[in-house]
Amino acid sequence: MTIAGTHVEGAATLSVQVYFSHQDPTNAQSFVNVDINKSIYHQWRYLLDNDEHDADSLVGELLRVTGQSRQEITRAIQAMHLVAHMPRLKELVETKFHVTITYLSRIMKAVSQGDRSIWTILEGRIVDRLTPRVAGEEMIQASDLAELITKWIKELDPSFAARRPRSERDGEYLEFDTRDGVTRIRGRLAAVDGRRLADTLRTVARGKLTLTQALRSFLDQKAPVQVTQYIYTPRTHGTSWMPGVGHLAPLLAAELVARLKKVVDLDGMEKAVEPRYRPSEKMRAAVMARDGHCRFPGCRVPADRCQLDHVVAWAAGGPTAMWNLVCLCQHHHNMKSDKRFVSELNGCGEVRWVGPMNQPIVTRAVGPFAEQMPTGLWGQTLRNRMNAWCARRRDA
């Protein structure tokens, strides 16, 4: 018996096709995407077939031959260097042609931070992230994957933290240029400190003041400020994570954790059901830790700037539980409320969106909780179990 798969004597088999949304086999644009990526990839494979060339001479020749900018050529060199040293990634890319040269270049910049001894482990994790699990899944954006790679390096390479103990604060500066009655401020801050400053001013403003007015109020000490910021720290291993900033280097994480006023244990929240429409702060923190940012395709508004949406509406009996809540920014929450898009959430935290063109796309959570979710064959088994469990809860 055969069911959409290969015939096996005496047994029924089922083949489920999985793909990223931009390679949907039922959409003609997908074939255009493959052809474009394939031709550009092979162009650079041909032009960069030998890494023993004099670098300056080669770049000069490529400027002449391709007509592209030095920056574009540099990206291509970085991309080809990555696939040359990661055979499994190369095989995946040359089979699917689902990533661009720019995407590979961004990944190479992240990988280059790690010692060569851990590249094989990094390659396995990169290949896993660039392999779809379900039909119509949104491919992880290059910036999100690069952040994950940096986190993995911090875990795998003990010398990384020792070599760059304050890397987030290297190169910081502030400049105040006062002329004609106006001060122009320029600067560069670590993401953590920039986020703290922005959160402080937004807290002072409370939606009623501009940020400049909030700064004056803060300087005049007219505004008592208590800012809530979340820092997620694994119980046993891994790296701490801060919404809007990402994974933190160990020393900086320890410095921030030492300032915490309150510690909340989020273990077990994936099974909790709360009796009220508005989630508790503990439930909100857990959903934020799973999602990382707005769950609408392509949106990267940080989770702590989002609202929590009941996938199955509260009025329709949808519970206040992690398996029925997702982070949505105001704009995309409105789009869902207007029914321009409808969504479904499964037990593994994947959200399936269907819009006006009736083409589904699946987004995967990227927060620190999401990393605990399974992958591979075992993960598929658990996926079915979790989906069944969620279905029973909803029915009840």
Completion exercise
Ignoring ligands and nucleic acids, Phe218 exposes an accessible area, probe 1.4 Å, in Å² to the nearest 10, of 90 Å²
Completion exercise
With +1 on the Cβ of every Lys and Arg and -1 on the Cβ of every Asp and Glu, the dipole magnitude of the chain about its Cα centre, in debye rounded to the nearest 20, is 1580 debye
Completion exercise
Residue by residue through the range 343-355, the couplings from Karplus 6.51 cos²θ - 1.76 cosθ + 1.60 with θ = phi - 60°, in Hz, x for Gly and Pro, are 9, 9, 10, 9, x, 9, x, 8, 10, 9, 10, 10, x
Fill in the blank from the handout: Taking Cα pairs closer than 8 Å and at least 6 residues apart, the relative contact order of the range 68-224 in percent is 14 percent
Completion exercise
Burial-style ranking of 314-321, 175-182, 121-128, average other-beta-carbon count within 10 Å with highest first, yields 121-128, 314-321, 175-182
Exercise for the section: Heavy atoms only, probe 1.4 Å: what % of the accessible area of the range 25-171 goes to carbon and sulfur, would you let me know? Expected result: 51 percent
Completion exercise
In whole Hz, the Karplus estimates of ³J(HN,Hα) for the range 79-94 (6.51, -1.76, 1.60; θ = phi - 60°; x where Gly or Pro) are 5, 5, 5, 4, 5, 5, 9, 10, x, 5, 5, 4, 4, 5, 4, 7
Handout entry: the range 286-299 - phi-based ³J(HN,Hα) in whole Hz, Karplus 6.51/-1.76/1.60, Gly and Pro as x
Key = 5, 5, 4, 5, 6, 7, x, 7, 3, 8, 6, x, x, 8
Handout entry: Over the chain, relative contact order from alpha-carbon pairs under 8 Å, at least 6 apart, %
Key = 11 percent
Handout entry: With DNA, RNA and ligands ignored, accessible area of His53 (1.4 Å probe; Å², nearest 10)
Key = 90 Å²
Completion exercise
Heavy-atom accessible area per residue of the range 226-327, all protein chains kept, 1.4 Å probe, expressed in Å², is 48 Å²
Completion exercise
Checked against a 27 Å limit on the C-alpha separation, the offending pairs among Lys261/Lys282; Lys38/Lys336; Lys154/Lys336 are Lys38/Lys336; Lys154/Lys336
Problem - Dipole of the chain, positive direction: furthest Cα of Gln213, Leu197, Asn334, with charges on the beta-carbon - result: Gln213
Exercise for the section: At most 12 other Cβ atoms within 10 Å and a DSSP loop assignment: could you name the GluC sites (Glu not before Pro) in the range 21-95 that fit? Expected result: Glu52
Exercise for the section: Any chance you could run the full-extension gain for Asp265 through Val182? It's 0.36 nm times the residue separation minus the Cα-Cα distance, nm to one decimal. Expected result: 25.1 nm
Exercise for the section: Just the number, please: percent antiparallel of the DSSP beta bridges in the chain, rounded to the nearest 5. Expected result: 85 percent
Handout entry: Per residue solvent-accessible surface (Å²) - the range 91-217, probe of 1.4 Å
Key = 53 Å²
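The values are calculated or read from the model by the stated rules, or taken from the named source; none is laboratory data. Computed from a predicted model, the values in this text were never measured in an experiment. Note: ideal-geometry Cβ built from the backbone for every residue, glycine included; neighbour counts use all protein chains shown. With ligands, DNA and RNA removed, areas are computed over all heavy atoms of the protein, side chains included. Shrake-Rupley method; radii C 1.70, N 1.55, O 1.52, S 1.80 Å.
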